[in-house]
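Structure first, then comments.
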Amino acid sequence: MAPKYTLHYFDVTALGEPIRFLFAYGNIKWEDIRYDDDQFEKVKSKMPFGQMPVLHVDDKIYAQSTAISRYLAKQVGLSGKDDLENLLIDQAVDLFHDFRQKIGDWFYDPIPASKAAKVAQLKDHFPFYLNKFEQIVKENNGFLVNGKLTWADVFFVAPLNYFKYINKRDFLEGYPLLQELVKKVESTPAIASYIAKRPPGGRPGA
Ligand SMILES: N[C@@H](CCC(=O)N[C@@H](CS)C(=O)NCC(=O)O)C(=O)O
């Protein structure tokens, strides 16, 4: 019997969104429990590492967006064909985490001086990482790894809107291959139908 999946995450499209895309892509049923900040504070101490996303598989609890996505990718056929392809996928996903930390952490920094220092560096971080990603997609025939859809593409595309939202700009302007990649992932029929039905989100646009 298929396991019962329950995803716990904020009502936004950040680190939990690749997991939702992968469930949709694989046509796997899951319960999508969405929290606002106040609801989360009440359950934070019950989360394995005090954060979300968290996935219940039957009666067991698992955390970490990358680990959960890698697990689901295996279920839905979006892993690599061998260890080296998986290494390339992991490399792209880890590069995405470097990027999203550089362009996202400033938003949550409560200390004005360090926040301002991080904001000042955004002008370097955006071109550095986006040029790298654009070049990777160019060398890989329109995808992040070996010219075919893998979970690295899903992990890159699914949370992008959230990071556009907090930075208040479409930072993919001027990166046509990355824009194409977004279209390819979001127009995959099962993902497109999830997007069409997904809730508007606790922070509209995020
Ligand atoms: N390494 C973790 C990071 C998870 C994470 O940063 N979660 C954030 C939301 S995207 C969170 O739970 N923030 C609330 C808090 O830390 O209190 C993962 O990839 O799942």
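FYI, it's all coordinate maths here, none of it is from the lab. No experiment lies behind these values; they were computed from the predicted model shown. As a convention, Cβ positions derive from the backbone with ideal geometry for all residues, glycine included, and neighbour counts pool all protein chains shown.
Considering only DSSP beta bridges whose two residues both sit in the range 1-143, what percent are antiparallel, to the nearest 5? Approximately 60 percent, going by the DSSP bridge assignments. From the helices alone, meaning DSSP H stretches of at least four residues, give me the mean residue ellipticity at 222 nm for the chain, per-run term -39500 (n - 2.57), in deg cm²/dmol to the nearest 500. The helix contribution divided over the chain gives -18000 deg cm²/dmol.
State, to one decimal in nm², a quarter of the convex hull surface area for the C-alpha atoms of the chain, i.e. the direction-averaged projected area.
Working: hull surface 48.3 nm².
For the chain, averaging the hull's shadow over all directions gives 12.1 nm².
The fraction of all Cα pairs in the range 18-140 landing in successive 10 Å bins from 0 to the largest distance is 10, 30, 35, 22, 3, given as whole percents. Distant-in-sequence amide contacts of F10, defined by a placed amide H-H separation under 5 Å and a gap of 5 or more residues or a different chain, comprise Y35. Summing Cβ point charges (Lys, Arg +1; Asp, Glu -1) relative to the Cα centre of the chain gives a dipole of roughly 300 debye. Distance from the C-alpha centroid of the range 129-188 to that of the range 88-119: 17 Å, rounded to the whole angstrom. For the range 15-105, the residue among V43, W30, A67 whose Cα projects farthest onto the positive side of the dipole built from Cβ charges is W30. In straight-distance terms, cross-link reach from K118 covers every one of the lysines whose alpha-carbon lies under 29 Å from its own, apart from those fewer than eight places away in the same chain; here that gives K44, K102, K132, K164, K168.
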